[in-house]
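The values are calculated or read from the model by the stated rules, or taken from the named source; none is laboratory data. Computed from a prediction, not measured in an experiment: that's the story for all the values here. All Cβ positions, even for glycine, are placed from backbone atoms using ideal geometry, and neighbour counts span all protein chains on display.
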Amino acid sequence: MTTYRDVATTLIELGMVSPARAEEVLARTDDVTVDRADLPMVLEDFRVAISLDFESGKCGYGIDAHEDGYREWLEWAAGTAGGALTIRDVVLIEDGDGYAYLHFLANDRTCWWEVEREFDEMKYLDMMPILQYLDDYEPGGDDPRHFHEIVLDGANTDYYVLVSDEQGRALARTYEFGLRGLSDPPETPTSEPAAPPTSLATWLAETEEAWRAVRAELPDWSPDRIEALERLLLDRFPAEVPFEAIGDDHPFLNGWSRCLGEELRRITPSHWTVSNQFGRYVLTGEGVPYAFGAQESPGRLIWLLVTDRRPGFLRGESDHFRAAYDRYQLFTAEAADRLAARR
């Protein structure tokens, strides 16, 4: 039968808790036995795990109560890092357009989360961004620890333990549970590695000539240039041609994706980057965090345009991309004003 002291011994050996912290817990639990199903809760008692169940987000009604709730929750989560993570400058902001964002600093990292804004109707925090942005309240930097959900007999537990890969494998082996997302030790390759995908720099160089050729068919700068590009696309790719027949490496898609992307960059300060979520080569608003939605895949937009053929589609998406960029500027200014008023 496992006891709290057995767990403490394991955690000390793995370097997950100090003897002093372990003794604080053992002062009230020394000989208490631990059922396997209670192991996640026991790890939380030792402050190496957190619970992400709905009740852990209870905070009260109103925006002030929610801001305090997020601050307290983040500080509680940071406690698992044993002093390696500091949370400060927590600000919860809403506007009149239905958006609400949480701002905070995790060590020196600036973090933004979009959160549900029904503060007067809900007494619980929005747990979706808490789960989505786990890495925002990990120590980061050279610290190898990450949060992994504990899985017992194939079932989720809603408990996340902060461990390095080595600590996680040893802990999971000792107590016979799984850790979601834990990487396996590297294996010796038995075959030639796959060719790496085309780098962003290479893709930009390869599409330079094609997008300039397309741009030459557009009018000189004018407010309706994006509409001219949309008409060209629809003319060059009629509805009866199956768009799915062309692959990601087709010159048509790459050249026109680059051209559309450069038009979007002209309208909104942004840069090219690589993302496996939005399509390989995408635009990101300059300096804009992920939570504000200022990411766009020109290749995806072209696919949607030639498939649905809705007039004004590209203008609408361009306006949406710009609005996300502008919204970040407004919320950043508001956060700075709120923090300055507190000092």
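Consider Asp6 carefully, then state whether it is over 35 Å from the mean Cα position of the chain (by Cα), of a type outside the set (Ser, Thr, Tyr), outside any strand (DSSP E or B) and closer than 16 Å to Glu176 by Cβ.
Judged against the criteria, Asp6 is a match.
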Pairing a residue in segment 154-166 that is in the same structural domain as Tyr137 (by TED's automatic domain parsing) with any residue that is among the aromatic types (Phe, Trp, Tyr), where Cβ atoms lie under 8 Å and the two sit 6 or more apart in sequence or on different chains, gives Tyr160/Phe147; Val161/Phe147; Leu162/Phe147
Residue pairs within 8 Å by beta carbon, gap of at least six or interchain, first lying in segment 1-12 and touching a residue at least 12 places away in the same chain (Cβ under 8 Å), second of a type in the set (Val, Ile, Thr) and assigned to a loop (DSSP other than H, G, I, E, B), listed first then second, are Thr3/Val32; Tyr4/Val32; Ala8/Val17; Leu11/Val17; Leu11/Val48
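Select from segment 98-114 the residues that are free of Cβ contacts under 8 Å to residues at least 60 places away in the same chain and surrounded by fewer than 21 Cβ atoms within 10 Å (Cβ to Cβ) and write down the one among them that is farthest from the chain's Cα centre (by Cα). Spell out the reasoning first.
Narrowing segment 98-114 to residues free of Cβ contacts under 8 Å to residues at least 60 places away in the same chain: 98, 100, 102, 104-109.
With surrounded by fewer than 21 Cβ atoms within 10 Å (Cβ to Cβ) added as a condition, the list becomes 98, 100, 105, 107-109.
Numbers: Gly98: 21, Ala100: 17, Leu105: 15, Asn107: 18, Asp108: 17, Arg109: 14 Å.
This residue is Gly98.
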- Message: Among the residues of segment 291-310, are any more than 27 Å from Leu234 (Cα to Cα), buried (at least 20 other Cβ atoms within 10 Å of the Cβ) and within 24 Å of the chain's Cα centre (by Cα)?
- Response: yes
- Looking only at segment 320-343, decide whether some residue is among the hydrophobic types (A, V, I, L, M, F, W, C), at pLDDT below 90 and assigned by TED's automatic domain parsing to the domain that holds Leu232. no
With criteria (1) in a strand (DSSP E or B); (2) farther than 27 Å from Arg343 by Cα; (3) among the hydroxyl-bearing types (Ser, Thr, Tyr), Thr110 comes up short on (2)
Scanning segment 106-127 residue by residue, those more than 18 Å from Val91 (Cα to Cα) and of a type in the set (A, V, I, L, M) turn out to be Met122
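Do we find that Thr33 is assigned by TED's automatic domain parsing to the domain that holds Leu102, of a type outside the set (A, V, I, L, M), farther than 30 Å from Ile93 by Cα and buried (at least 16 other Cβ atoms within 10 Å of the Cβ) in this structure?
No, not satisfied.
Hey, among Leu43, Leu11, Leu92, which residue is farther than 26 Å from Pro144 by Cβ, surrounded by 15 or more Cβ atoms within 10 Å (Cβ to Cβ) and at pLDDT 95 or above? Lay out the reasoning, then the answer.
Details: Leu43 fails: farther than 26 Å from Pro144 by Cβ; Leu11 fails: farther than 26 Å from Pro144 by Cβ.
Sole residue among the options that is farther than 26 Å from Pro144 by Cβ, surrounded by 15 or more Cβ atoms within 10 Å (Cβ to Cβ) and at pLDDT 95 or above: Leu92.
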